[in-house]
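Below: one structure, written as structure tokens.
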Amino acid sequence: MTDSYKHKGMRRSLVRILKEKGITDDAVLNAIGRIPRHYFFDQVFEGHAYQDKAFPIGEGQTISQPYTVAFQTSLLEVKPKAKILEIGTGSGYQACVLQELGVNLFTIEYNKVLYARTKAFLPKMGYNPRFFVGDGSKGLRAHAPYDGIIVTAGAPTVPDALVKQLKIGGKLVIPVGDKSTQKMLRITKIAEDQVEQEEFDNFSFVPLLGDKGWN
Ligand code: SAM
């Protein structure tokens, strides 16, 4: 794995593109500027690594578009040491961005092949979230409550369990809609039985599977 001047230059251009598209959170932009996204690609496809687009990672899944990663991460408004649950580990790229922000990260993946692959690969890049395999549509109750939960697959509805597993003041960032288009929601838990919901742009994620997903 080599991170050359050429790669670093392409990464700076990607960060510029994200700024032009409206990402203003410097901590998130700096994190994206530090992570060698081309390490997540086979060498033959390396040219795609710094384009602002999603890309197939096998098993019918994708590494999310950098803009989407930046947008969702900004919405979480994480502080260092915050306890965060990511649902949909996938390639692990989003997990690296969160770890660059200094969070205490738990990440869960439904697909056993991707779970095993990413669990073996991320530590080689120096990232060590806690990896879990299973149905994240039910959250990860054993380690709750969380300061933030980020869902990186499109859900049909907001699963109650995820709201339950937030601390008071915690935020859930989740795309909700049909199988092709979802609206990005940010749900803030104000009290044990009260939430505030904000709606943002439309996105297009692969479907959330499992009990509270599309099955
Ligand atoms: N965060 C990922 C990244 O940075 O590469 C993006 C992942 S991809 C867009 C969505 C992931 O969600 C896929 O890896 C998929 O297997 C996973 N997924 C779908 N349903 C899930 C569920 N119920 N629990 C956990 N992971 C799920």
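The values are calculated or read from the model by the stated rules, or taken from the named source; none is laboratory data. From a predicted model like this one, the values you see are computed outputs, not experimental measurements. For neighbour counting, all protein chains shown are included, and Cβ atoms are generated from backbone atoms with ideal geometry for every residue, glycine included.
Could you go through the range 59-74 and let me know if any residue there is within 14 Å of the ligand (Cβ to nearest atom), over 30 Å from K212 (Cβ atoms), crowded, with 17+ Cβ neighbours inside 10 Å and of a type in the set (A, V, I, L, M). Quick ask: steps written out before the conclusion?
Of the residues in the range 59-74, the ones within 14 Å of the ligand (Cβ to nearest atom) are 59-73.
Filter again for over 30 Å from K212 (Cβ atoms), leaving none.
No, the range 59-74 contains no residue that is within 14 Å of the ligand (Cβ to nearest atom), over 30 Å from K212 (Cβ atoms), crowded, with 17+ Cβ neighbours inside 10 Å and of a type in the set (A, V, I, L, M).
Within the range 79-101, take every residue that is over 25 Å from G210 (Cα atoms) and touching a helix residue (DSSP H, G or I) at 6+ places or on another chain (Cβ under 9 Å) and give me the one that is farthest from the ligand (Cβ to nearest atom).
In this case the residue turns out to be A82.
I'd like to verify a number: residues in the range 112-142 that are farther than 14 Å from E86 by Cα and within 8 Å of the ligand (Cβ to nearest atom), how many?
So the count comes out to 1.
In the list K8, K19, which residue meets the criterion of being in contact with a Gly (Cβ under 9 Å, 6 or more places away or on another chain), without any contact (Cβ under 8 Å) to a residue 12 or more places away in the chain and not small (G, A, S)?
K8
For every residue, the table says whether it meets (1) of a type outside the set (S, T, N, Q); (2) touching a residue at least 60 places away in the same chain (Cβ under 8 Å).
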residue: A142; (1), (2): yes, no
residue: D147; (1), (2): yes, yes
residue: V151; (1), (2): yes, yes
residue: T157; (1), (2): no, no
residue: Q165; (1), (2): no, yes
residue: V176; (1), (2): yes, no
residue: S180; (1), (2): no, no
residue: M184; (1), (2): yes, yes
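Grab the strands (runs of 3 or more DSSP E) fully contained in the range 123-194, keeping just those with 1 or more residues being under 19 Å from L105 (Cα atoms) and in contact with a Gly (Cβ under 6 Å, 6 or more places away or on another chain).
Working: elements: 130-133, 146-151, 166-177, 182-191.
The strands (runs of 3 or more DSSP E) meeting that bar are 146-151, 166-177.
Here is a list of conditions, (1) within 11 Å of the ligand (Cβ to nearest atom); (2) not in a loop (DSSP other than H, G, I, E, B), and N30 meets all of them except one; can you say which number that is?
Checking N30 against (1) within 11 Å of the ligand (Cβ to nearest atom); (2) not in a loop (DSSP other than H, G, I, E, B), the one that fails is (1).
Find the residue count for the range 205-215, including only residues that are at pLDDT below 95 and either part of a strand (DSSP E or B) or surrounded by fewer than 17 Cβ atoms within 10 Å (Cβ to Cβ) (or both).
1
Show the residue pairs meeting these rules: Cβ distance below 8 Å; 6+ apart or different chains; first residue within the range 113-136 and polar (S, T, N, Q); second residue part of a strand (DSSP E or B).
Listed pairs, sorted by first residue: T118/E109; T118/F131.
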